Structure formats: structure tokens, C-alpha cells
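K.L.:
One structure is given below, represented as C-alpha cells, and several questions about it will come after.
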Amino acid sequence: MTKMTWLKRPLTLALGLSVAAALASCGQTAAPAATPVTPPGHPAIGTHAATSSATPSSSKPTGRRMDVTVQGKKVTPAPATVKIAVGESLTVVVTSDHDDQLHAHGFNNLEKDVKAGKPLEVTVTGAQTGVFEFELHHPELRLFQVAVS
Amino acid sequence: MGTLGFAAVVASLPAHGVGSRQDLPLPFTAVLIGAAVALLVSFVALGALWPEPRLRADAGRPLPSPVARTLSSPVFRGVLVTLSLLLTAWTLVALIFGKDDANNPVPYVVYVWLWVGLAALSLVFGPVWAWLNPVRRLHLGVARLARLDPDASMTTRSPGYWPAALGLFAFTWLELIAPDRTTLFVLRVAIGTFVLIDLLGALVFGRGWFTRCDPFEVWSRLYGSLSPLYRRSDGKWVLRTPLHGANAVAVDKGLLATTSVMLGSTAYDGFSSEPRWYTFVQSSDLPSELLMTTGLLGMCLVVALSLHLAAAVSARLADIPVRGLAAQFAPSLLPIAAGYVVAHYWSLLTFEGQNTLIRLSDPLGIGANWLGTGGLTANHALLQPTLVAVVQVVAIVTGHVLGVVLAHERAVTLFQRRVAVIGQVPLLALMVGYTCGGLLLLFSS
């Protein structure tokens, strides 16, 4: 039994630490002082992701409108993550220099044709939480991601 | 491009092959806290853990006899084998006769139930694929028909784990990079080729091929070594601390490659959804499959090379020969790989796993509902963002802790006592690197 205790102590301690760490990280808000404290029941993750602006990858556009221009294989602005809340609407305007098909993962698997030169406007509402991609098919191009939280 | 149905399948091509959503990024505080815990535990482990090897092969608490008797009974095993063969047959029907559209269950069975579900089952129950593997049954049938001894090997040489390493790489390439990977044509070719090669390997090397060389059995066996459930060599079923199994993994050539592929491919999966990476891939003039394959291979090589480097430094510090040391350390990566797998694939398994069951009700795509699950919609309860974040952090940190303790055990087994502490520092540093890397991948996706 001594052998098992030797093993169990660091394991149980570490397991307890990691669970505590995870719970603590979810109850907290981001480091910058200006943000208000969120009540425990509130999905803090969404607020977190919106306020922790430390990294370049999940970057700016938090507007409710997304304008994307596609020329050949070049997407402007460069693919990034748009954050919306559940129930919030996002209007997407896609302008392409060639005929293509817009596909939105999630959002009821939205598929709309895009005509060369004509902006296509679609409005989607966040329903399921997660990160969903908007893409074109001919050629396969990812336009941006929508993070619903 | 063919029919509308075909186009619809080609259209739904996210990272994993099936599924339309990915997880929200981890909050930065979670990353910090997770990394801090990992560092803290590593330093504590260095100072406070035992100086003598403690993991015994015969350790464990026996299960209550009714449970043990059930597990040992041939009827129970027969039931499991039959269920597995039924599911295989059902999937083959969908593969050969089904419709090539978004409702075909085959991509879901292959990319969700087989790949992730098997890992999850193995982590809990042990190397289950040894019982469930249908190719084993096929090989037995073929051997009986041809009046061959199924255990007979045509050569005394063994390929070690290499076929498994290559097979796992091929599968992850299929899962993450192959164009049109959810279409029936690609799946038919892939499954057919795999079964053929697996069967040939077993005919050439005997039934032992499955234990060391079948990619899915090795996947199940290596993750299964972390399971608390174990059948001892004397036949008794016991519950034991997960580390015993991982410490007893048979080291053979190709083990390092296999663990590198396991860890590297999950890391690449997380990395490939980074906006900067896929922007680079899709706007480059080089074919995207080439770039993505280089990325996948690169990640696996980074894992292998970093382990070699850590082993080389360890060997220098502990004054022992470096030959074979990296392979001896490779099993310590298994808990970390398991943590990565749980963190990355939790939502895929819990959500798309349900969608698999729903789609299996209509394998031929004729609007039938043979299992009664056809009308259901998948439940989102386990996708709640806070729950997902907690699962991810707990999985990665727990994997790290188990990896550190396991590395410590191996160090005190391999090194002399006076150098055991210093000898494990490079490996610990490597693991801290992997854990922080894993947390960062989840943060930046």
C-alpha cells in the first residue's frame, strides 16, 4: 500500500491542481483592469476572448458587418476571426472577381452563389456556440471565421 | 464536378473531414494558469518524487469477482467481437452501396468513431482494438481457408513498430489533408488498400503483426497502456494507476516514430486552423496539399528531433550512452499525447459522435430509419464553452503531470541515482515545452 500512496499523492495533488486551475481560469476575467467582473453563471469565455487582445491571430473585426473582397486567391482583409454573441446578427458582404459559391459552416449550412463583380450580402444569426468558417469553393478559399459565444 | 450531391459532400470540407464547427479559443488566463501549474508540478516532481523505481508489473487492486468473471468469460468476448463485426458489415454496406452525399455515415464512422472513439475507449478500458479489430477475424478466416497456421511467420525479422508509424501518418494525412476525403470513392480506396496491406502483413509476419504493426491496434494499445484496467499475466483483472502500463510499453524500433506521429499529427491538427497558416497556404502559388503535407511531416519531425535532442543532453548529463535513450523516453510522451487528443477532439467526439449514430440509421441513403435514431438531432450539452475549456485545460495539464511522473520513473530506472535528477531535466523541459505549445495551440485557434 505504501507504494500506491507514493504514486497517488503527486497524482491526486496534480489532478486537483489542474481542476482548480481550470475552474479558476473560467471564473476570472482578462488581465486588463477596465473590464467588469462577470457573475459566475455567465459564459465568461466569450467576454474573455473579446477582451484579451494580446495575440495577433484572433484579431480585430468585432463589427456586425463583414466586408470581404476576393481577387483570384487573395482575400482582403486577411482571414481573421469575427466574434459575435448567440442571438447576434452578422451581415456579410462578399465581392469576388469570379463566379463562385459561398459556404458557411454551421448557420444551417448556408450556400449561396456569388457572381463576378456583384457583391453578395447575407445575414446570419449566431445560434450554436463555436467557431465556424466562411469559405468559397472555386477555388477552395477560407474567407474568415465566426466565433459565436 | 458531377452531381449536386457529390458537390455537397466536397463542399463540407473543414479541417477534420467531418463536422462543421470548431471550438472557441481558450481564454488567455487559462493558458497562463495551465502553464504555471505544469511548471510548478515539474519542479516539485524533480525535488520530491521517489529515488527508486516504484512501478511494479504485478501491482494493482483486483476487481470484484463477478466483474472479473464476466470480463474473462468467452461469451462476453464473443459478444464484443460479434458487435464489432456487425458494425463493420453495416459500415461496409454504406460504403459499397450507399449514396455519396453529406448523410452517408461512413466518413463519420471512420473519422469520429474509429479515430477518436477508439482512442477514448482505449484510454478508459485498455487495448480494446485487439478484441474488436475486424481485420484480425478476416486474417483468421483466410488462414483457415488456406490451411495456414495464423501464427506462422515467413521471416525471423520484424519490422518493429514502423508499419504502425507509417500507417498512422497515412491515416492522419487522409484525415487532415487528402482532397475529397469525405467522398465514397476516396474512402473506398483508402479502406480497401488498408485492409489489403494489413492482411498481407499478417500473412507474412503472423498474428504478431497485429500487436506491433497494425496502426489502429498500436494506437489502441499505446493509449490503452494508460488505462487503469489491466489483465495481469496471471490472468487476474486489476485496477491500477495509469502509469504502470505506460512504463511497461515494449520498446522496439519505430516506437519513437509512432509516438512522434501521434503527438505531431494532433499538434498539426490544431495548428492547421490558425488563420495565418491557412492564409499562407491558400494564397501561395505552391499546391496547398504539398504545403500542408510538409506542415504535418514537419510537426512529426519536430517532436522526434526534440526528443532526440533531449535524450542526447540527458545522456551527456547522466554520463550514459545515448543510443536508444530517446526510444526509452518515448513512452513518457504518451500521457501528453493523450491529453492533446482529449483536448482537441472532445467536442468532435461528443457532438459528431452523436451525428454518426443518427446517420448510421440510414446507411443506404434511401430515407430509412433502421436503428430508430434517424429523426434525432445531436445534443449540444457537452459543447458548452466553459465545459469545453475546462476539459481542455484539465486534459492537457493532467497529461503533463502523468508524463512528468512517468519520465521520472524511467529516469530512476535508467540512470544511476546520483544523476537521475539532473538526467531528467532535459526531458522535463521538453514536456513543459509541449504542454505550453499545446495550450497555445488551443488559445490561438
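K.L.:
Run down B:SER72, B:SER65 and say which single residue is more than 8 Å from chain A (Cβ to nearest Cβ), surrounded by fewer than 22 Cβ atoms within 10 Å (Cβ to Cβ) and either of a type in the set (Asp, Glu) or in contact (Cβ under 8 Å) with a residue 24 or more places away in the chain (or both). Give the derivation first.
P.N.:
Working: B:SER65 fails: either of a type in the set (Asp, Glu) or in contact (Cβ under 8 Å) with a residue 24 or more places away in the chain (or both).
Criteria check complete, one pass: B:SER72.
K.L.:
For the stretch B:230-273: of the residues being among the hydrophobic types (A, V, I, L, M, F, W, C) and within 14 Å of chain A (Cβ to nearest Cβ), which is nearest to B:VAL404 (Cα to Cα)?
P.N.:
By that ranking, first place goes to B:LEU243.
K.L.:
While we're on this one: Any residue that is closer than 29 Å to B:ALA343 by Cβ, assigned to a helix (DSSP H, G or I) and of a type in the set (Val, Ile, Thr) - is there at least one of those in the stretch B:68-82?
P.N.:
no
K.L.:
Something else now. Whether any residue in the stretch B:27-35 is facing chain A (nearest Cβ under 7 Å), modelled with pLDDT of 80 or more, surrounded by fewer than 22 Cβ atoms within 10 Å (Cβ to Cβ) and part of a loop (DSSP other than H, G, I, E, B) is what I want to check.
P.N.:
Scanning the stretch B:27-35, I find no residue that is facing chain A (nearest Cβ under 7 Å), modelled with pLDDT of 80 or more, surrounded by fewer than 22 Cβ atoms within 10 Å (Cβ to Cβ) and part of a loop (DSSP other than H, G, I, E, B), so the answer is no.
K.L.:
Mind telling me which of the residues B:GLU274, B:GLU217 ends up being buried (at least 24 other Cβ atoms within 10 Å of the Cβ) and of a type in the set (Asp, Glu)? Let's see the steps before the verdict.
P.N.:
Details: B:GLU274 fails: buried (at least 24 other Cβ atoms within 10 Å of the Cβ).
When all the criteria are applied, what remains is B:GLU217.
K.L.:
Counting residues that are more than 30 Å from B:ARG56 (Cβ to Cβ) and of a type in the set (Ser, Thr, Tyr), which helices (runs of 4 or more DSSP H) fully inside the stretch B:232-317 reach at least 3? Show your work before the answer.
P.N.:
Working: elements: B:243-247, B:255-271, B:275-283.
Filter on the stretch B:232-317 gives B:255-271, B:275-283.
K.L.:
Let me ask something else about it. In this structure, is B:GLY339 within 24 Å of the chain's Cα centre (by Cα) and under 22 Å from B:GLU175 (Cα atoms)?
P.N.:
Yes: the conditions hold for B:GLY339.
Residue by residue, here is whether (1) buried (at least 18 other Cβ atoms within 10 Å of the Cβ); (2) under 30 Å from B:VAL391 (Cβ atoms); (3) at pLDDT below 90; (4) of a type outside the set (Lys, Arg) holds:
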site: A:THR51; (1), (2), (3), (4): no, yes, yes, yes
site: A:PRO56; (1), (2), (3), (4): no, yes, yes, yes
site: A:ARG64; (1), (2), (3), (4): no, no, yes, no
site: A:LYS74; (1), (2), (3), (4): no, no, yes, no
site: A:SER96; (1), (2), (3), (4): yes, no, no, yes
site: A:GLY106; (1), (2), (3), (4): yes, yes, yes, yes
site: A:PHE132; (1), (2), (3), (4): yes, yes, no, yes
site: A:LEU141; (1), (2), (3), (4): yes, no, yes, yes
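K.L.:
Looking at the structure I just gave you, is B:ARG56 of a type in the set (D, E, K, R) and touching a His at 6+ places or on another chain (Cβ under 9 Å)?
P.N.:
So B:ARG56 fits the description; yes.
K.L.:
Which one of these does B:LEU222 not meet: (1) buried (at least 21 other Cβ atoms within 10 Å of the Cβ); (2) more than 28 Å from B:ARG323 (Cβ to Cβ)?
P.N.:
(2)
K.L.:
Follow-up. Of all residues in the stretch B:38-59, which are surrounded by fewer than 22 Cβ atoms within 10 Å (Cβ to Cβ), in contact with a helix residue (DSSP H, G or I) (Cβ under 7 Å, 6 or more places away or on another chain) and at pLDDT 85 or above?
P.N.:
B:LEU39
K.L.:
Restricting to the stretch B:116-159, give me the number of residues that are assigned to a loop (DSSP other than H, G, I, E, B) and of a type in the set (A, V, I, L, M, F, W, C).
P.N.:
5
K.L.:
Of the residues A:GLU140, A:GLU121, which single one is farther than 15 Å from B:SER20 by Cβ and more than 12 Å from chain B (Cβ to nearest Cβ)?
P.N.:
Matching residue, one of A:GLU140, A:GLU121: A:GLU121.
The values are calculated or read from the model by the stated rules, or taken from the named source; none is laboratory data. Keep in mind that what you see is a predicted model, and the values were worked out from it rather than measured. Positions of Cβ are backbone-derived with ideal geometry, glycine not excepted, and every protein chain shown enters the neighbour counts.
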